[in-house]
Amino acid sequence: MKTQRFSHLSRVLTTIVMLVMLMSLTGGNVPANAAASQASYIVQATSTDLAVSLVEKCGGTVTSRLSIIRAVAANLSDVCVAQLRLEEGIVSITPNGTVKSSESSKPGDKEKAKEIEKAKEAEKEKDKNKNKNKNVPAADFPNVVGADVVWGQNVIGSGVTVAVLDTGLGNNLPALTKTVNNEEGRIVAWKDFISKKNKKPIDPNGHGSHVAGIIANSEKGVDGEWNGVAPGVNLVGVRVLDEQGAGTYETVISGLQWVLENKDQYNIRIVNLSLVAPVQSPYWADPLDQAVTAVWAEGVTVIVAAGNSGPDAMTITVPGNNPYVVTVGAFTDNFTPADWNDDYIAPFSSAGPTLDGFVKPDLVAPGGHMVSVVPNDSVLAKQYPENQLKSNYFKLAGTSQATAVVSGIAALIISKNPGLSPDEVKMRLTDTALPWVDVTTNEALYSMWQQGAGIANAPDAVFAADVSGVANAGMDIQADLAGTTHYEGYSYYDEATGTFHLYDPYADWAGGYGEWNGAYAPSAGGRGAWAGGRGAWAGGRGAWAGGRGAWAGGRGAWAGGRGAWAGGRGAWAGGYTTWAGGRGAWAGGRGAWAGSTFTAPGFIDSFSAGESPNASLSTATISYFLQDQ
């Protein structure tokens, strides 16, 4: 293990220099405006109480106690920051930057035409379903991942509560507030870290409601099927982003801390984080990543977005770069949900490896033209009326939505198997995922850094009897949280060949899965199929036979390569080593990333030293797109 931090002596010298410079410019007096001007920071110490004491000692104002990471959020002057860096008990001081929502664009003519055609087909379908809800559009994504097959076995997520940390929940949306039996009281708890005056759920932006609807919508569309993946779950709304989709590390970490404090009371088993922040440090040095790790360690499964910065390599965001949690990328069914042959990874979907060398995303799920609910008076509904469908329904695309799909599947898994740990849930999700392969050659058409283990497969994830073991094998999460041991993955970039690989002993993975030149397009120019064409439930939704289809010998050896795909995504899934400051996945900043932020000497030095995020980039934001995929 190699855990590097600036020494206390280094901090002292740096602070002395800063103070001398300040005083030399003012004849020995600190400028009044420097003393008065304050900014928000996350101050971590050896204990939360010590952080409070030291902040108050230097004249700072504590705005939140963040015991989940032994820290406080505080408003500090430059002088106070300089003084804190001299204190022995201070671990890190991270700027708590404000955030903005991700960029979006309007749907193109081609996609709009497809939506109009789908609407016409839906109208025809309504005539065939006189006794069904004529005003509720049908959502296709539950069928694409096989959730309808799971419902057929009377598993709908009952007994599980999902906490959605986002822009809020609309309290006037029956899809969220009512159970499958049309009873109120489904939102069992609400906490607002943006405005303390809101005692009841609200969602001025709409993003949080859209995400929650994908997870839990209890309404049935014109096709007679539920519009949410897990319609039987309960919901907890934790508002950490404002009406513009903006938040801070402070609000998100406060939300995660609240979940830990209340998880037993409300039976919170899953946290959905459809938000992103740029990577500025190793996962273990980032305060938001630390909080996510703490939640996972306490038995709550955390599902997070990979980000919408794709298709280039190394675009996984925080907290998707966290090796413990389930990181979700997005694919689209290309407007043909019953035909998997034309599916593709959405170009916006962020790809790995992480800067720590981990293979991410863990899997992919539907994330294009996603139909769900938003309040009619929300920012999204007002700004983009062309995306509005009937009633409160609205369409968006992004890894936010793909993340919600997987949160719903995780709820189905836990509903059927309530004793599972987060590592076991992650194992079932990834071990049963269906990789995108060329059916004629069995070679992967996307690398592991683009598709992870493959498409989420709800029936197998819930019911398969032959999934054993746990994800994150060999990693000591408590040691990671304590700061005594940290980890990095086996991915690296070979500058000689211009491709990504895995270090030994996993270097010989065959079939195009463990090698990638960083290009977006599927290799070999093929479309292929997900593990042989929908595997277990091909040939009619609901025809669940307990199998998983056949490819390369029925989920056995990977195209003649090393190791077996079964038992944890092959050998590499359990392969981690202790952190050594970058094993080549990005170190040096050359090759594929020339000219990027990651190549700057200051960034490389800070990352290798394990510093916390930079002042101007410590941000979290919602992750969605308005264009269709």
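Read-outs throughout are calculated quantities, based only on the coordinates presented, and are distinct from any laboratory measurement. On a predicted model such as this, the values are computed, not experimentally measured, just so you know. Neighbour counts are summed over all protein chains in view; Cβ atoms, including those assigned to glycine, are modelled from backbone coordinates with ideal geometry.
Around A482, with a cut-off of 12 angstrom between Cβ atoms, what is the net charge of the other residues, counting Lys and Arg +1 and Asp and Glu -1?
Working: positive: R70; negative: D476, D480.
With Lys, Arg at +1 and Asp, Glu at -1, the net is -1.
Counting only other residues whose beta carbon sits under 12 Å from that of V52, what net charge do I get with K and R as +1, D and E as -1?
Net charge around V52: +1.
Loop-located trypsin sites (Lys or Arg not before Pro) across the stretch 185-217 with a Cβ neighbour count of 10 or fewer within 10 Å are K196, K197, K199, with loop assigned by DSSP.
How much net charge surrounds A365 when only other residues with a Cβ under 13 Å from its Cβ are counted (Lys, Arg +1; Asp, Glu -1)? Around A365, the surrounding residues sum to -4. Of all DSSP beta bridges confined to the stretch 254-405, the antiparallel ones make up roughly 40%. Of all DSSP-defined beta bridges confined to the stretch 164-241, some 10% are antiparallel rather than parallel.
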